[in-house]
1. Glu40 to Glu386: extension gain in nm, 0.36 nm per residue of separation minus the Cα-Cα distance?
2. Of Gln60, Ala275, Tyr226, whose Cα points farthest to the positive end of the dipole of the chain (charges on the beta-carbon: +1 Lys, Arg; -1 Asp, Glu; origin at the Cα centre)?
3. Pick out, in residue order, every one of the GluC sites (Glu not before Pro) in segment 143-229 that is DSSP loop and has at most 13 other C-beta atoms within 10 Å; say none if there are none.
4. Take the cross-link list Lys288/Lys380; Lys65/Lys305; Lys225/Lys352; Lys185/Lys329; Lys77/Lys305; Lys65/Lys158 and give me the ones stretching past 29 Å between alpha-carbons.
5. Using the basic label-point model (7 angstrom from Cα toward the beta carbon), what is the Glu54 to Asp201 distance in nanometres?
6. Specify whether the C-alpha gyration tensor of segment 119-255 places it in the rounded, prolate or oblate class, a ≥ b ≥ c being the square roots of the eigenvalues: rounded for a/c under 1.5, otherwise prolate if a/b is larger than b/c and oblate if not.
7. How many angstrom separate the Cα center of segment 1-38 from the Cα center of segment 286-361?
8. As I understand it, the dipole of the chain uses +1 on the Cβ of Lys and Arg and -1 on the Cβ of Asp and Glu, about the Cα centre. Which of Gly337, Val126, Ala364 lies farthest toward its positive end?
Amino acid sequence: MKILYIVPFVPWEVKVRSFNLIPRLVRKHEIFLVCVSAVEPNARQKEWLSEYCEKVVHVQHSVAKGITNCLAALTTKIPLRIAYCGSIAAREAVGRAYEEVRPDVIYVERWRALQFVPEGLETPIVCDPTDSMTLFNGRLMKASGSWQRLLGWEEWWKFLRYEGKLARQAKVCIFCSRVDLECVKKQARETRYELVPNGVDGEKYYFKLPSEEEPNTVVFTGSFKYRPNRQAADYFLDEIFPRVQKRVPEAKFVAVGNGAARALRKYRGRRGVEAVDFVPDLRPFLAKATVAVAPLTVGAGVSNKVAEAFAVGTAVVATQLACGDLPVKSGEHLLIGRDINQFAEHVVTLLKDARLRREMTVRARRLVDQQYDWEIVARKMEQVFESVATHASNEGEPAFAHVGPLSSGRYIPQIRID
């Protein structure tokens, strides 16, 4: 099967979904990639992409162009997240790739990349927004600073009417969690929806030995260029960690991920706080930790950091939001902190109780092996592709007309809001 794979970024380690799906899908299928980003792929990325993709097309989309698009969309009903990525060049590149490849399936990751698909194509579109932007922004406007609440309200109001329109453009929409799926389904019930969670590479994130663990170490992993992770780190360090240190003075907090040093610069010099920027392998940091935390209060979907800690065998304390719809029970797979005091108490409990940590982590790893290994997730995605491709070959598919250019070279998708 030929898959035209469209993403609004360069697939790489921090983009865990495409980074893990592409190498597994190419075992049986051909992938033709079109990626759109402000920065051209570096040498390592080009090498990785060329290893797995039949062809790679990169379209550069500058930050200045994105800002111009957003300014043009401020008084419209188009969400700024969508407007930012508007690109005539990207749509033309996808059109050329389509004519050259004649794919069996068009796979689009994220809502904002759906606008790159030209109108009138008969090949079925599988859109994987991963999370609901209505849900994400609804949480953002309740849990952030004043300007972020304002932005969250603006985007929530727009996506509340716009997300259903986007969903109707695809044959199938895929989400990581059921709560996100159901949020969008309310807006477009006629679309087919599938649940395909993010996963963990069970071989890369292998279960640790007790000797790998360092005492009284709390780790928080993720990309700190992602606003919910920055907010979660601030929440933990301002509200929760001081309570932990009162009970465990030698406790140490380590933030690991892209942009961590910059995000935590205001905590520089604070006792017990350390930031480590992007590392090629998170496992050693997860293995050293006594406890992994996921104190997210904003966001959508399921946090990868929880499943990765499960796989390595590090005990987890998380908010309910960070768990998404993972089939977990507090006290069985992890501990869920429902407020500041309970979260801190759970961290202290796990720092002190090695037996409880071990019992929970064994059950958590078993859950990952049974449901969330990337091999299992990739097979689910492959089944979705095969089902829509088979239906298309048997029945034929209608055209999906949904985009159009603005004047002056600016491009924002034109979707009618009734």
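Taken together, the values in this text are just the output of simple stated rules run on the coordinates, not laboratory data. Here the structure is a predicted model, which is why all the values come from computation and not from measurement. Here Cβ is always computed from backbone atoms with ideal geometry, including for glycine, and neighbour counts include all displayed protein chains.
1. 121.4 nm
2. About the Cα centre, the residue reaching furthest to the positive side is Ala275.
3. Those that pass, being in a loop and sparsely packed, are Glu190, Glu203.
4. Checking Cα-Cα distances, Lys288/Lys380; Lys65/Lys305; Lys225/Lys352; Lys77/Lys305 exceed 29 Å.
5. 2.5 nm
6. oblate
7. 30 Å
8. It is Gly337, whose Cα lies furthest towards the positive end.
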